[in-house]
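Contents: one structure, followed by commentary.
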Amino acid sequence: MQKFIVEGGSRLRGELPLQGSKNSALPIMAATLLCHGECVLENCPRLTDIYSASRILNCLGCRCTFSDNTAAVDSLSVDRTAVPEELMREMRSSIIFMGAILGRAGECTVSVPGGCELGPRPIDMHIAALRKMGIEIHETCGGILCRASSGRARGAKLSLAFPSVGATENIILCAVTADGETVINNAAREPEICDLCSFLRACGAEISGDGESRIIINGKEKLHGCRYRIMSDRIVGATYLAMTAATRGEIILTNACVPEMEPFLSVFEQTGCSIYTGENKIYMRCGTRLKAIPDRIRTMPHPGFPTDAQAVLMAALITAEGTSVFEENIFDCRYRHTDALVKMGADIQVLGKVAIIRGVPKLHGANVEATDLRGGAAMVSAALAAEGASEIRQICHIDRGYEKMEEAVSRLGGKMLRIG
Ligand code: EPU
């Protein structure tokens, strides 16, 4: 089992190019199934979740290869429609292959997906929407058997009870080759949804309204391959900004998606950090102790403050002057990192969906275990700000979303090693 050893106390300082977005790359990789030809995906991050997606594609008959940060997927010879349970269990995103396989073949067999433990993560909205699109779905013990009664999904008018990212993606993936028009009301508006739609349009799909609450899709019989550059990862960007703030450092993020990171930048400005943005660049400097955020930080669907940045922002605010309050509204169980932060000296009180952070002047190193992807990143951030050494185990969670985090941190002057 690998682990990170972090020696705290160095200010992060330097320039860092931002990696491609995991949460864009995963649905786009699933979408390549719909293209009868080769897709070349640039800016594709090299992550364990991306390798899981490529294993699913290869198992369905695609040829998925990587060269540095470019992935090539040839889906001409897709000849299977079932994803084995062990591949489904590797990550939550495996569920979006359901819409893509249905879009390609009109039938699929999947099972309940795995992924980070953030509380119950049902797929009821995915299932209900696909049923409305003419898909017969039978749930057996763990297995989900799906088949379009007429061989092809049909367009439908859908309204989501909550703007679920995954359900919106699954519907889009099924609808782009469905018969007729699909309308999704209360669709998720996350930038990664727009990235998926831009990719699909480059492959010949007809989609409008992405980035807004109503998405309209006109089904096409077939899509073709294309070359596409995946957007940069706004959450990874938020993470390195948060680490820089936690260590009172200075950073230039390049290859950054500036407008998409706006909800995070405006919160960081309130802590006293100076932020300047240019085309694809963010400069941030934090010379003194951060100030607590006066207003409650409520995680919300985009364009609200992202749940994925809650843990890393918290790790920066635990040493801020004053009290900050978080309200987690997306997942039931997304404060699992707080025990580790408390072990490092933080003062955090969790009351249901609310977490109260009373800033402490300093932290100390500790031995902790990553609980999930973003929680693990928060622990690294706190360890970088702490006095002394920390050991972070279960880093497989961190590797799901961060490309060689120890190299990025070292490049910025932080002391972090991967052992084992
Ligand atoms: N939900 C339901 N029923 C459904 C679908 C969702 O009740 O059928 C609930 C979930 O249980 C959750 C909420 O709705 O409480 C939001 O879930 P959503 O479907 O929007 O999330 P997701 O598609 O499972 C994606 C990201 C997450 C990110 C969320 C919210 C990917 C691969 N994952 O998950 O990213 O937190 O959207 O923005 O895109 C991460 O990268 O660390 C991560 C967890």
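The values are calculated or read from the model by the stated rules, or taken from the named source; none is laboratory data. Just so it is clear, the model here is predicted, and its values are computed rather than measured. Note that each Cβ is placed from the backbone with ideal geometry, even for glycine, and that neighbours are counted across all protein chains shown. Just so you know, the surface numbers come from the protein's heavy atoms only, side chains and all, with ligands and any DNA or RNA stripped out. Shrake-Rupley method; radii C 1.70, N 1.55, O 1.52, S 1.80 Å.
With a 1.4 Å probe and all protein chains left in place, how much accessible area per residue does the stretch 314-363 have, in Å²? If you can, show how the numbers build up before the last one.
On the way: 2060 Å² over 50 residues.
Each residue of the stretch 314-363 exposes 41 Å² on average to a 1.4 Å probe.
How far apart, in nm, are two points set 7 Å out from the Cα along the Cα-to-Cβ line at Glu181 and at Ser274?
Once both label points are built, they end up 5.3 nm from each other.
How large are Rg and Dmax for the stretch 212-344 when only the alpha carbon atoms are used, in Å?
17.3, 58
I'd like to know which of Met284, Cys396, Gly304 lies farthest towards the positive end of the charge dipole of the stretch 278-420, counting +1 on Cβ of Lys and Arg and -1 on Cβ of Asp and Glu.
The Cα lying farthest towards the positive end belongs to Met284.
Among Cys226, Leu341, Gly420, whose Cα projects farthest towards the positive end of the dipole of the chain, with charges put on the beta-carbon of Lys, Arg (+1) and Asp, Glu (-1)?
Value: Leu341.
Can you tell me the Rg and Dmax of the chain, counting just the alpha carbons, in angstroms?
Taking only Cα atoms of the chain, I get Rg and Dmax of 21.3, 65 Å.
Can you tell me the dipole magnitude for the chain around its Cα centre, using point charges on the Cβ only (Lys, Arg +1; Asp, Glu -1), in Debye to the nearest 20? Present the calculation step by step, with values, prior to reporting the outcome.
Values: 46 positive and 48 negative charges, 65 e Å.
Using only the charged Cβ atoms, the result is roughly 320 debye.
Treating the angle as unsigned and between 0 and 90°, give the value, to the nearest 10°, between the Cα long axis of helix 22-31 and the longest Cα principal axis of the chain.
The two axes meet at around 10 degrees.
Over the stretch 231-271, consider all pairs of different Cα atoms and compute the Kirkwood hydrodynamic radius from their mean reciprocal separation; express it in Å, one decimal. It would help to have the intermediate numbers written out before the result.
Numbers: mean 1/r = 0.0958 Å⁻¹.
Its Kirkwood hydrodynamic radius stands at 10.4 Å.
Report, in cubic angstrom per residue, the convex hull volume of the C-alpha atoms of the stretch 39-183.
Details: hull volume 17.0 nm³, N = 145.
Expressed per residue, the convex hull around the Cα atoms of the stretch 39-183 is 117 Å³.
Taking only protein heavy atoms into account and a 1.4 Å probe, give the accessible area per residue of the stretch 157-291 in Å².
Numbers: 4920 Å² over 135 residues.
In whole numbers, the stretch 157-291 has 36 Å² accessible per residue.
With label points built 7 Å along Cα→Cβ from the Cα atoms of Val360 and Glu212, find their separation and express it in nm.
Distance between the two pseudo-spin positions: 4.9 nm.
Among DSSP beta bridges whose residues both lie in the chain, state the antiparallel percentage, nearest 5.
On the way: 55 of 78 bridges.
Here the antiparallel bridges make up roughly 70 percent for the chain.
Only four residue types carry charge here, +1 at the Cβ of Lys and Arg and -1 at the Cβ of Asp and Glu. Report the dipole size of the stretch 197-271 about the Cα centre in Debye, rounded to the nearest 20. Spell out each step's value before the answer.
Details: 8 positive and 9 negative charges, 66 e Å.
Computed about the Cα centre, the dipole is about 320 debye.
In whole angstrom, how far apart do the alpha carbon centroids of the stretch 227-292 and the stretch 133-157 sit?
42 Å
How far, in nm, would the chain grow between Ile5 and Arg411 when pulled straight, counting 0.36 nm per residue and subtracting the alpha carbon separation? Please list the in-between numbers first.
On the way: separation 406, 0.36 × 406 = 146.16 nm, distance 1.57 nm.
Full-extension gain reported as 144.6 nm.
Quick check: at a probe of 1.4 Å, how many percent of the accessible area of the chain sits on carbon and sulfur atoms? Could the numbers behind the result be given before it?
On the way: 7590 of 16010 Å².
That share works out to 47 percent.
Quick one: how many Å² of Lys415 are accessible to a 1.4 Å probe, rounded to 10?
110 Å²
At 1.4 Å probe size, put Thr32, Thr109 in order of accessible surface, largest to smallest. Don't skip to the answer; put the middle values down first.
Values: Thr32 0, Thr109 55 Å².
The ranking, largest first, comes out as Thr109, Thr32.
Under the Kirkwood approximation for Rh and a Cα-based Rg, what ratio Rg/Rh is obtained for the stretch 166-261?
Working: Rg = 16.6 Å, Rh = 15.0 Å.
That ratio equals 1.11.
For the chain, with a Gaussian network of springs between Cα atoms less than 10 Å apart, report the residue from Asn58, Asn69, Asn255 with the top mean-square fluctuation.
Of the options given, Asn69 has the highest mean-square fluctuation.
Between His138 and His224, what FRET efficiency follows from the Cβ-Cβ distance if R0 is 35 Å, with the result rounded to 0.05? Before the final figure, lay out each step's value.
Details: r = 33 Å, r/R0 = 0.93.
Taking R0 as 35 Å, the efficiency between His138 and His224 is 0.60.
Suppose every Lys and Arg Cβ carries +1 and every Asp and Glu Cβ carries -1, with no other charges. What dipole size does the stretch 1-82 come out with about its Cα centre, to the nearest 20 debye?
On the way: 8 positive and 8 negative charges, 65 e Å.
With only Lys, Arg, Asp and Glu charged at Cβ, the dipole is about 320 debye.
Show Ser24, Ser208, Ser164, Ser159 ordered by accessible area, largest first, where the area counts protein heavy atoms only and the probe is 1.4 Å. The partial results should precede the final answer.
Working: Ser24 0, Ser208 60, Ser164 20, Ser159 90 Å².
The most accessible residue leads, giving Ser159, Ser208, Ser164, Ser24.
Leaving out ligands, DNA and RNA but keeping every protein chain, what accessible area does Leu417 have, in Å² rounded to the nearest 10, with a 1.4 Å probe?
Roughly 110 Å² of Leu417 is accessible to a 1.4 Å probe.
When the helix-only estimate is applied to the chain (DSSP H runs of n ≥ 4, each -39,500 (n - 2.57), divided by the residue count), what is the mean residue ellipticity at 222 nm, nearest 500 deg cm²/dmol? Mind showing how you got there, number by number?
Numbers: 14 runs with 128 residues, N = 420.
Mean residue ellipticity, 222 nm, calculated: -8500 deg cm²/dmol.
Loop only per DSSP, at most 12 neighbouring Cβ atoms within 10 Å: give me the GluC sites (Glu not before Pro) in the stretch 172-245, ordered by residue number.
Values: sites: Glu181, Glu192, Glu206, Glu212, Glu221; in loops: Glu221.
Those that pass, being in a loop and sparsely packed, are Glu221.
How do Arg80, Arg285 rank by accessible surface area computed with a 1.4 Å probe, from largest to smallest? Walk me through the numbers before you get to the answer.
Values: Arg80 125, Arg285 105 Å².
Sorted by accessible area, descending: Arg80, Arg285.
Is the C-alpha gyration tensor of the stretch 261-417 telling us rounded, prolate or oblate? Criteria: a/c under 1.5 is rounded; beyond that, a/b larger than b/c is prolate, otherwise oblate. Before the final figure, lay out the partial values.
Numbers: a/c = 1.24, a/b = 1.07, b/c = 1.15.
Since a/c stays below 1.5, the shape of the stretch 261-417 is classed as rounded.
Spin-label point model (7 Å from Cα, Cβ direction): what's the Asp295 to Asp79 distance in nm?
Inter-label distance under the simple model: 5.8 nm.
Of Lys22/Lys404; Lys291/Lys415; Lys22/Lys222, which ones are farther than 20 Å apart at the Cα?
On the way: Lys22/Lys404 14 Å; Lys291/Lys415 25 Å; Lys22/Lys222 26 Å.
Check vs 20 Å cut-off fails for Lys291/Lys415; Lys22/Lys222.
Mind grabbing the accessible area of Cys257 for me, 1.4 Å probe, Å², rounded to tens?
Using a 1.4 Å probe on the heavy atoms, I get roughly 10 Å².
So, for the stretch 1-98, what is the accessible surface per residue at a probe of 1.4 Å, expressed in square angstrom? Show your work: numbers first, answer last.
Values: 3660 Å² over 98 residues.
With the other protein chains kept in place, the stretch 1-98 gives 37 Å² per residue.
Rounded to a whole number, what is D in µm²/s for the stretch 132-195 from Stokes-Einstein with the Kirkwood radius over alpha-carbon pairs (20 °C, 1.002 mPa s)?
Working: Rh = 12.6 Å.
This corresponds to a translational diffusion coefficient of 170 µm²/s.
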